[in-house]
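This report concerns only the one structure given below.
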Amino acid sequence: FLPPPQPHSGFSFSCPRQLKVPPYLGYRFLGERDCGAPCEPARPNGLMYFKEAEVRFARLWVGVWSVLCCASTLFTVLTYLVDMRRFSYPERPIIFLSGCYFMVAVAYAAGFLLEERVVCLERFTEDGYRTVAQGTKKEGCTILFMILYFFGMASSIWWVILSLTWFLAAGMKWGHEAIEANSQYFHLAAWAVPAVKTITILAMGQVDGDVLSGVCYVGIYSVDSLRGFVLAPLFVYLFIGTSFLLAGFVSLFRIRTIMKHDGTKTEKLEKLMVRIGVFSVLYTVPATIVLACYFYEQAFRGTWEKTWLLQTCKTYAVPCPSHFAPMSPDFTVFMIK
């Protein structure tokens, strides 16, 4: 399923003996077959980009936020289960959105508790390094990836559906029953599209361990996978959802203008506009920031890899890259993401 090896990001990389792995694993690191990224926080040069103290902070940071997210989303879902009639369309997608975020938070909480047990493989030789998990051979890594990616992408699609239902209700004057009559199509889109993408990634073996968070995801070491399976879909979902929201707001403003002209009270409509506006900002601003972080990552990943190799080439006794401006990733950006 993997393309033939090519020189990575414009520089030649030779796999150090410490990072070599058995061929049956099908690993590839910086374009080299049977090679893995180091996963030794306690050793000098034992991690790519980050120090042991940064990894410890990242784990704690992710752990705290995942627990808070678990609590808040579980409360929302339980509120719905207590009285299901309270949440009809167009608001009902918020419940499915919360359910998806609950599962994502559970996966991150599991990564926090399991530490490096899921994302790292044990040494294959006495002088070898532990390496970061790749592909689908490590079951725990695969399960965490499936939960994270499937529910993460489903949450983005439920956001698009929420924007669409608000547009249909506010802009097109659809009633609750008319929107609910199409709910099976909403569920088909929200669950089938992420399922197809998840299966495709598993078939391609493009799953990588993330040492910072303790979970597995796609595109940690492959820029093409990051662009194709993460950056592009998130951009498309955000663009479509925001377009529906803006179209809905334009319709609401028109209705408000007509109502004011006719002397009708607009308080109820204005409250609805404020509710939609606040929720939209609370979603679109963080989603845009995450998208910007991913864009930053894919733009500079090649330079970071060359810089890491320049810093470690003597330790690993491999050729050093030259003729480039060294640059390391900003740890703060990864924590925001």
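A count restricted to the stretch 189-206 and to residues that are at pLDDT below 95 and surrounded by 22 or more Cβ atoms within 10 Å (Cβ to Cβ) stands at 1. Quick check on the stretch 111-137: of everything there that is assigned to a loop (DSSP other than H, G, I, E, B) and in contact with a Cys (Cβ under 8 Å, 6 or more places away or on another chain), which residue is farthest from ILE220 (Cα to Cα)? Checked the stretch 111-137; the qualifying residue farthest from ILE220 (Cα to Cα) is TYR129.
Restricting attention to the stretch 308-330, the residues that are closer than 22 Å to ARG56 by Cα and either of a type in the set (Ser, Thr, Tyr) or surrounded by fewer than 16 Cβ atoms within 10 Å (Cβ to Cβ) (or both) add up to 4.
Selection within the stretch 20-34: residues that are under 27 Å from the mean Cα position of the chain (by Cα) and touching a residue at least 40 places away in the same chain (Cβ under 8 Å). The member of this set that is surrounded by the most Cβ atoms within 10 Å (Cβ to Cβ) is TYR27.
Results for (1) without any contact (Cβ under 8 Å) to a residue 60 or more places away in the chain; (2) under 30 Å from GLU52 (Cβ atoms); (3) in contact with a His (Cβ under 7 Å, 6 or more places away or on another chain), shown as yes or no for each residue.
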{"position": "VAL207", "(1), (2), (3)": "no, yes, no"}
{"position": "LEU212", "(1), (2), (3)": "no, yes, no"}
{"position": "ASP224", "(1), (2), (3)": "yes, yes, no"}
{"position": "PHE244", "(1), (2), (3)": "no, no, no"}
{"position": "LEU252", "(1), (2), (3)": "no, no, no"}
{"position": "ARG256", "(1), (2), (3)": "yes, no, no"}
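Taking first residues from the stretch 173-187 that are closer than 12 Å to PRO90 by Cβ and partners that are surrounded by fewer than 14 Cβ atoms within 10 Å (Cβ to Cβ), the Cβ contacts under 6 Å between residues at least 6 apart in sequence or on separate chains come to HIS176/SER88. Considering each residue of the stretch 274-293 in turn, none proves to be more than 30 Å from ALA170 (Cβ to Cβ), without any contact (Cβ under 8 Å) to a residue 40 or more places away in the chain and loosely packed, with under 12 Cβ neighbours inside 10 Å.
Count of the stretch 83-95 residues, restricted to those that are surrounded by fewer than 22 Cβ atoms within 10 Å (Cβ to Cβ) and either of a type in the set (Phe, Trp, Tyr) or under 17 Å from LEU164 (Cα atoms) (or both), is 5.
Condition check: charged (D, E, K, R), assigned to a helix (DSSP H, G or I) and without any contact (Cβ under 8 Å) to a residue 60 or more places away in the chain. Does LYS271 satisfy that? So LYS271 fits the description; yes. In this structure, does ARG256 turn out to be within 12 Å of the chain's Cα centre (by Cα) and either surrounded by fewer than 18 Cβ atoms within 10 Å (Cβ to Cβ) or at pLDDT below 80 (or both)? When the stated conditions are applied, ARG256 does not pass them. As a summary of the residue check, CYS141 satisfies the conditions (1) farther than 18 Å from VAL62 by Cβ; (2) in contact with a strand residue (DSSP E or B) (Cβ under 7 Å, 6 or more places away or on another chain) except for the one numbered (1). Here is the figure for the stretch 1-60: residues that are modelled with pLDDT under 80, among the aromatic types (Phe, Trp, Tyr) and outside any loop (DSSP other than H, G, I, E, B) total 1. Residues in the stretch 165-188 that are hydrophobic (A, V, I, L, M, F, W, C), crowded, with 18+ Cβ neighbours inside 10 Å and assigned to a helix (DSSP H, G or I): TRP166, PHE167, LEU168, ALA169, ALA170, ILE179, PHE186. Among the residues here, GLU297 qualifies as out of contact with any strand residue (DSSP E or B) (no Cβ under 6 Å at 6 or more places or on another chain) and surrounded by 12 or more Cβ atoms within 10 Å (Cβ to Cβ). Of all residues in the stretch 23-78, those satisfying the criterion of being at negative phi and charged (D, E, K, R) are ARG28, GLU32, ARG33, GLU40, ARG43, LYS51, GLU52, GLU54, ARG56, ARG59.
The values are calculated or read from the model by the stated rules, or taken from the named source; none is laboratory data. This is a predicted model, so every value here is computed, not measured. Cβ atoms come from the backbone with ideal geometry, glycine included; neighbour counts cover every protein chain shown.
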